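Q: Below: one structure in structure tokens.
Read the figures in this text as sums done on the coordinates, not as results from a lab. Everything quoted here is computed from the prediction, not taken from an experiment. Cβ sites come from the backbone with ideal geometry, for glycine too, and all protein chains shown count toward neighbours.
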Amino acid sequence: MFSIKVDVPSELSIPLSVLGYNSEKLTEEMKHLLSVSLFKQNILSLGQAALLSDLHLWDFIRLLNKHGIPIAECDENDITHEIKTVEALLNEDTVSN
């Protein structure tokens, strides 16, 4: 594991502390935002981003939802292909019974 250090200007310490931010909370939020960003850019997978964020997978999915980021990108062709695959599998199952 490696660490990243971020220096916060001293003049921000009071406004941040008034809002409830200490070094632990800032570190947590930075991990969350970095994980969301790296996932959105397709740099990390869903599981990798959840691991970086120190969140359970479902909690990370909720975090993505909070930021309006879908966990999967599908276009109309993808959906049409999936529907045809399901229909073919259902027809195959019906024929075998």
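Q: What number of lysine-lysine pairs in the chain show an alpha-carbon separation below 16 angstrom, given a sequence spacing of 8 or more or placement on distinct chains?
A: So the count works out to 5.
Q: Once you list every other residue whose beta carbon is under 14 Å from the beta carbon of MET30, what net charge do they have if Lys and Arg are +1 and Asp and Glu are -1?
A: -2
Q: Further question on the same structure: In debye, nearest 20, what is the charge dipole magnitude of the chain about its Cα centre with +1 on Lys and Arg Cβ and -1 on Asp and Glu Cβ, if you could check?
A: 460 debye
Q: Another question about this same structure. Add -39500 (n - 2.57) for each DSSP H run of 4 or more in the chain, then divide by its residues: what number comes out at 222 nm, to the nearest 500 deg cm²/dmol?
A: -20500 deg cm²/dmol, from helical runs alone.
Q: A further question follows. Assuming a viscosity of 0.692 mPa s and a temperature of 37 °C, what translational diffusion coefficient in µm² per second does Stokes-Einstein assign to region 1-71, Rh being the Kirkwood radius over Cα pairs?
A: 250 µm²/s
Q: Can you pull the one-decimal nm distance between simple spin-label points at HIS81 and GLU11, each 7 Å off the Cα toward Cβ?
A: Here the answer is 5.3 nm between the modelled labels.
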